[in-house]
């Protein structure tokens, strides 16, 4: 089983207009772990895929100014791979988790975000990116 989440929303409170999303995604991450334990004895794996900012989807519903700000944020280094994810990036991870190669991976939330969840907003970007 694969659940699609956005784990960061369960850990932060910055996106106030989407206040309901954070608790719902945090609950989804949690229930996936419980299902992983309950279904593991039957050989069923349960994982959560947590995309970062990606092209398409909800991003296309935001104002152009928001989309441009996200593009700048990503390309400036807050996402170490310096690009937004693509739907194919997320689909590839889902396909991997459904494959026999991932048969022993269960109970995890996998961030598909180009490394953006690794960045620390408490420190300036210049201190986090190798020269």
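How do 41, 33 line up, fewest other C-beta atoms within 10 Å first?
Starting with the residue having the fewest Cβ neighbours, the order is 41, 33.
Specify which labelled value, from (1) 11, 37, 39, 13, 1; (2) 12, 37, 35, 15, 2; (3) 13, 44, 32, 11, 0, agrees with P(r) over Cα pairs in 10 Å bins from 0, in percent derived from the coordinates of the model shown.
(2)
Relative to the longest principal axis of the chain, what angle (0 to 90°, nearest 10) does the C-alpha long axis of helix 21-39 take?
Compared with the principal axis, the helix lies near 30 degrees.
As a check on your grasp of the helix formula, calculate [θ] at 222 nm for the chain: sum -39500 (n - 2.57) over DSSP H runs of n ≥ 4, divide by the residue count, round to the nearest 500.
Rounded to the nearest 500, the figure is -11000 deg cm²/dmol.
Could you give the angle, 0 to 90 degrees to the nearest 10, between helix 64-73's Cα long axis and the longest principal axis of the Cα atoms of the chain?
Roughly 80 degrees, rounded to the nearest 10.
Show me the ranking of peptides 22-29, 108-115 by mean Cβ neighbours inside 10 Å, starting with the highest.
Details: 22-29: 16.8, 108-115: 19.2.
Top of the packing list down: 108-115, 22-29.
Using mean Cβ contacts within 10 Å as the protection proxy, how do 44-51, 121-128, 97-104 order, highest first? If you can, show how the numbers build up before the last one.
Details: 44-51: 21.2, 121-128: 9.6, 97-104: 11.2.
Descending packing order for the listed peptides: 44-51, 97-104, 121-128.
Calculate how steeply helix 87-98 sits against the longest principal axis of the alpha-carbon atoms of the chain, using the helix alpha-carbon long axis, and give the answer as 0 to 90 degrees to the nearest 10.
20
Just so you know, all these numbers are worked out from the coordinates, no wet-lab data involved. Source: prediction; values computed, not measured. Note that each Cβ is placed from the backbone with ideal geometry, even for glycine, and that neighbours are counted across all protein chains shown.
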